[in-house]
Amino acid sequence: MAPINANDINDAKAFVPAKKALPEVDTEGSNGNGITSKGYSYETLLEIANFLLSRVSDKPHIGIICGSGMGSLAETISDAVKISYEDIPNFPVSTVEGHHGQLVFGKICGVPVVAMQGRFHYFEGYPLWKCCLPVRVMKLIGIKTLIVTNAAGGLNPNYKVGDIMIVKDHINMMGFSGNNPLHGPNDERFGPRFPPMSKAYNLEYRKIAKEIAKELNIDDIVREGVYTCLGGPNFETVAELNMLKMVGVDSVGMSTVHEVITARHCDLKVFALSLITNECVTSYDIIGEANHEEVLDVGRMRQDVLRQFVSRLVDRITQLDANNP
Ligand SMILES: O=P(O)(O)O[C@H]1O[C@H](CO)[C@@H](O)[C@H]1O
Ligand code: HPA
């Protein structure tokens, strides 16, 4: 029998090479499940933070994580200084299409910010603590607030593609099986062993976001709901989505939850939004299937609105926090 080669598997045309060399999976200290108790020490993260601070003139006040296809959020940043993840010692690299792989420092509405144009996902092979390493680094370089954006499937039947969902809460599905970014020894310099999560998504910020939606005349597409993160990389089955719907999930993705847990652990204030990029397939009668190209397309379609929304948020959050230090 002739030996098989890569082209025999699926259609050769459908084969897209990985964007970057795949990262090595960190198995050191692992329980064999990809869950590791080994994280970088406080000192190593401090070294990364100092490396970054040596490259910029202003300490950022706000960090922004750009979701899939939403990297253009960073294009509103003036006086931009861009630092590729590959040039940052001990930093992971982005391997997913739609995630640039760089930090952008500069200003939005005069406020010093840093944006991650590209985040790290569990399905890329990174343990959760490593996906969230940049959150701790951003904390060390001075941010007080984290704005997290993601692309997500809309599970709530009232949601439409292109809607923006303000995240009011999450369900940590991966955490139910013990996979948590805070798994392992706790360094009190970041935060407590048992951090509360009942007020993870800042209520004042959510109020401001709803006001901004009215001002921009987009309140008809702005929703508020519950997000969940699954490990990916496959999109969900019909049965899985129906189960998630039953437990009160409104939008589904593969990120954000662990970043928010890490951010709250180190006392950052958090605002998060989902861009609804596809309708979740909750019936076997639906013909369409979720795909990453559509996710990126919807990100592009909504880029102007998102840029305005996030710029105003940065401005108003800064005013709010200046009045309530
Ligand atoms: O959560 P972000 O990074 O926005 O990306 C979402 O979009 C990708 C799937 O298309 C997954 O990575 C999912 O998590
Ligand atoms: O439908 C989805 N499921 C999981 N992650 C996603 N990211 C964008 N859309 C989706």
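Just so it is clear, none of the values below were taken in a lab; they were calculated from the coordinates. Please read all numbers here as calculations on a predicted model, not as lab measurements. Counting neighbours? That spans all protein chains shown, and the Cβs are built from the backbone with ideal geometry, glycine included.
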Looking at segment 166-198, which of the residues that are under 18 Å from Lys269 (Cα atoms) and within 17 Å of the chain's Cα centre (by Cα) is farthest from ligand 1 (Cβ to nearest atom)? Leu182
Of all residues in segment 240-259, which are away from ligand 1 (no atom under 11 Å from the Cβ) and of a type in the set (A, V, I, L, M)? Leu241, Met243, Leu244, Met246, Val247, Val249
Pair list, Cβ under 6 Å, 6 or more apart: segment 277-294 residue more than 20 Å from Tyr227 (Cα to Cα), other residue of a type outside the set (Asp, Glu) and away from ligand 1 (no atom under 16 Å from the Cβ): Tyr284/Val238
Pairs only if they're at least six apart or on different chains, beta carbon under 9 angstrom, first in segment 185-214 and under 21 Å from Asp315 (Cα atoms) and free of Cβ contacts under 8 Å to residues at least 40 places away in the same chain, second surrounded by 14 or more Cβ atoms within 10 Å (Cβ to Cβ) and not basic (Lys, Arg); list them, first residue then second. Lys214/Val222
So, first residue closer than 20 Å to Lys160 by Cα in segment 238-262, second residue aromatic (Phe, Trp, Tyr) and within 11 Å of ligand 2 (Cβ to nearest atom), Cβ within less than 8 Å, six or more apart or across chains; the pairs are Val249/Tyr227; Asp250/Tyr227; Ser251/Tyr227; Val252/Tyr227; Gly253/Tyr227; Met254/Phe123
Scan segment 58-82 for residues that are more than 14 Å from ligand 1 (Cβ to nearest atom), part of a strand (DSSP E or B) and surrounded by 24 or more Cβ atoms within 10 Å (Cβ to Cβ) and jot them down. Ile62, Gly63
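One line per residue, one yes/no per condition, for (1) free of Cβ contacts under 8 Å to residues at least 12 places away in the same chain; (2) more than 21 Å from Val310 (Cα to Cα); (3) more than 16 Å from ligand 2 (Cβ to nearest atom); (4) small (Gly, Ala, Ser):
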residue: Met70; (1), (2), (3), (4): no, no, no, no
residue: Ser78; (1), (2), (3), (4): no, no, yes, yes
residue: Pro89; (1), (2), (3), (4): no, yes, yes, no
residue: Pro112; (1), (2), (3), (4): no, no, yes, no
Is it true that Met165 is within 28 Å of Arg316 (Cβ to Cβ), hydrophobic (A, V, I, L, M, F, W, C) and within 16 Å of ligand 2 (Cβ to nearest atom)? yes
Kindly check whether there is at least one residue in segment 111-130 that is within 14 Å of Ala49 (Cβ to Cβ) and away from ligand 1 (no atom under 16 Å from the Cβ). yes
Could you check segment 260-282 and list, in sequence order, the residues that are more than 22 Å from Glu240 (Cβ to Cβ) and away from ligand 1 (no atom under 16 Å from the Cβ)? Arg264, His265, Cys266, Asp267, Leu268, Lys269
Name the residue that is surrounded by the most Cβ atoms within 10 Å (Cβ to Cβ), counting only residues in segment 117-166 that are under 21 Å from Leu275 (Cβ atoms) and hydroxyl-bearing (Ser, Thr, Tyr). Thr149
Note on segment 90-107: residues surrounded by fewer than 24 Cβ atoms within 10 Å (Cβ to Cβ) and of a type in the set (A, V, I, L, M) are Val93, Val96, Val104
